Amino acid sequence: MDQYVIAVLVSNIAGVLSRVSGMFTRRGFNIDSLTVGETESSGFSRITISFHGDEDIKERILQQLKKLHDVREVEVLDRKDTVIRELLLIKVRNSAEVRQDIMTAVEIFRSKIVDYSATALVCELTGETTKIDAFIELVKPYGIMEMCRTGIVAIERGENCLKTVK
C-alpha cells in the first residue's frame, strides 16, 4: 500500500471539515493524519490528508472529495515536489542523571526545549514524520510523560500552488 498526501481547498465555513471526514468514514477509508487551517485568503481553508491505499482507493477518494459541497480544489501532492512537515510537542521526565543526554538529543535533532522544570522538559520538534518518529524512539527510555503531534502539513515546492478560487 502506498501513502498519499492530498491537499483540499474548501470554503472556510462551519461543517465543511465534518463533511470531508464523514466521507472517509462512510466509505470505510482510514485517515493517517488530517490537518486544517485558514489559507492566505480568509474565505478558504486548506485540509491536508494523508492515507494509505492503492491506486483504486486513491481515485475513489479523489472522486468523492470533488463531489462534496464547498470543496473547491483537490490535488494529490507528489512527495518529491512537496515540502512535508509535522510538529511534535513531547514532555519527557527530567532528572539530573539524564538531563545532559536529553539535551544532546535535542541538539542533534535541531529541536528546542520550550518548557523546563526540575521534573519535566517539553521539547518542540518539526520535520518529516521519520524524523519525529526517530526522536520519539530516542527519548522513550527517559520516560515520555505526554506527547501530541499535529499531523502533516504539505506545500508544493517552487511556483506550483493549489489553485485559489477568488
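So the values come out like this:
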| item | result |
| --- | --- |
| Signed unit charges on C-beta, dipole axis of the chain, positive-most listed residue 134, 31, 71 | 71 |
| Residue-count net charge about residue 1 - beta-carbon cut-off 13 Å; Lys, Arg +1, Asp, Glu -1 | -4 |
| Within the chain, longest stretch clear of exposed GluC sites (Glu not before Pro) (DSSP loop, no more than 12 other Cβ within 10 Å) | 98-158 |
| Cα radius of gyration and Dmax for the chain (Å) | 18.7, 57 |
| Paramagnetic reach from residue 83 in the range 4-46 [backbone N under 19 Å; point 7 Å along Cα→Cβ] | 5-8, 35-41, 46 |
| Anisotropy class of the range 96-146 from Cα gyration tensor, a/c 1.5 cut | prolate |
| Net charge of neighbours whose Cβ lies under 10 Å from the Cβ of residue 88, counting Lys and Arg as +1 and Asp and Glu as -1 | -1 |
| Cα-centred dipole magnitude for the chain, charges only on beta-carbon of K, R (+1) and D, E (-1), debye, nearest 20 | 440 debye |
| Gaussian network model of the chain, Cα within-10 Å springs - most flexible of 32, 70, 101 | 101 |
| Distance violations [Cα-Cα > 25 Å] among 80/140; 67/131; 58/80; 58/91; 58/112 | 80/140; 67/131; 58/91; 58/112 |
| Percent RCO, i.e. relative contact order, over the range 43-156, from Cα pairs under 8 Å lying at least 6 residues apart | 36 percent |
| For the chain, calculated [θ]222 nm from helices alone, where every DSSP H run of n ≥ 4 adds -39500 (n - 2.57) | -8500 deg cm²/dmol |
| Shape of the range 46-106, Cα gyration tensor, a/c cut at 1.5 | prolate |
| The chain: most fluctuating residue of 87, 62, 138 per GNM, C-alpha cutoff 10 Å | 138 |
| Among 15, 48, 104 the positive-end extreme of the charge dipole of the chain (Cβ point charges) | 15 |
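Computed from the coordinates by the stated procedures, all read-outs in this text should not be read as laboratory data. None of these values were measured; they are calculated from a predicted model. Note: ideal-geometry Cβ built from the backbone for every residue, glycine included; neighbour counts use all protein chains shown.
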